[in-house]
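The block underneath contains the structure these notes are about, expressed in structure tokens.
Please treat every number below as a calculation from the coordinates, not as lab data. These numbers were taken from a predicted model, which means no experiment stands behind them. Cβ: placed from backbone, ideal geometry, glycine included. Neighbour counts: every protein chain shown.
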Amino acid sequence: MRPEKLEKRSGEATRRRILAAAIARFAHASFEEVRLRDIAADVGVDVALVHRSFGSKEQLFAAAVVEACPAALLSADRSRLGAVFASFALESQQHDGLHIFIRSLTSPLARDLIRACCYRDFIGPLAAKLEGQASQQRAALFVSCLIGFSIMREVLRVEPLLADSDSGPMIQRLLAACLDEVGPLVASDQNSSQSS
């Protein structure tokens, strides 16, 4: 193998190790608390290599958010998205993305980066798979339900949501319903909801 190919493979492997260390750090501390020096030390490289590989802390954070989120699951067939994401929500190892999300909500900069990644890498592609009106809103509602369920189950440990056998089918139906096109709210619907 030629030296430049070996160097490229080595560089890619180091970049992946840096990204894995960043995900672990951002999942356990807020954006402001994480230092690039600490990530570099976790990997055993100079901090200059972290800068050279990712450009900035913000760019590394955005890459960590994308890597830790389940956007790859969007390749599933539209009819299976509810089931695929419900299964994902029930897996305990999926929580790095959730913890990054929660730990970074207090940082305006990190919040902006998460919002941008969410639209670009998740809501936008999901909306593109949907037919009919309000695809952006339906995709955003899907993400909201997924995140809300995950927070209630994994962070707050709300007892009724902990049993996979009970929660699995319900979250699957809820997520699938978010993706379905619903007609406009008509006067009869408004009257029945107001009388309840």
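In terms of its alpha-carbon gyration tensor, segment 83-187 comes out oblate; a/c meets the 1.5 threshold, while b/c is at least as large as a/b. Helix-only arithmetic for the chain: the sum of -39500 (n - 2.57) across DSSP H runs with n ≥ 4, divided by the residue total, places the mean residue ellipticity at 222 nm at -21000 deg cm²/dmol.
Other residues within the sphere of radius under 13 Å centred on the Cβ of Ser107, judged by their own Cβ, net out at 0 (K and R +1, D and E -1). Taking a point 7 Å out from the Cα of Val182 in the direction of its Cβ, the residues of segment 108-147 whose backbone N falls within less than 17 Å of it are 131-147. Highest GNM mean-square fluctuation among Gly55, Gly97, Gly168, for the chain modelled with Cα contacts below 10 Å: Gly55.
Where does helix 95-104 land angle-wise versus the long Cα axis of the chain, in degrees 0 to 90, nearest 10? On a 0 to 90 degree scale, this one is about 90. Only one of the values (i) 32, 22, 16; (ii) 37, 23, 16; (iii) 37, 19, 17 was calculated from this structure for semi-axes √(5λ) of the Cα gyration tensor in Å; name its label. Computed from these coordinates, semi-axes √(5λ) of the Cα gyration tensor in Å corresponds to label (iii). Using only Cα atoms and rounding to the nearest 10 degrees, what angle (0 to 90) does helix 3-28 make with the longest principal axis of the chain? Roughly 50 degrees, rounded to the nearest 10. With the simple spin-label model, which puts each label point 7 Å out from Cα in the Cβ direction, the Leu156 to Ala134 separation comes to 2.4 nm.
Principal semi-axes of the equivalent ellipsoid, √(5λ) from the alpha carbon gyration tensor of segment 4-95, are 29, 17, 10 Å from largest down. With respect to the chain, whose longest principal axis is taken over its alpha-carbon atoms, helix 57-68 is tilted by about 50°.
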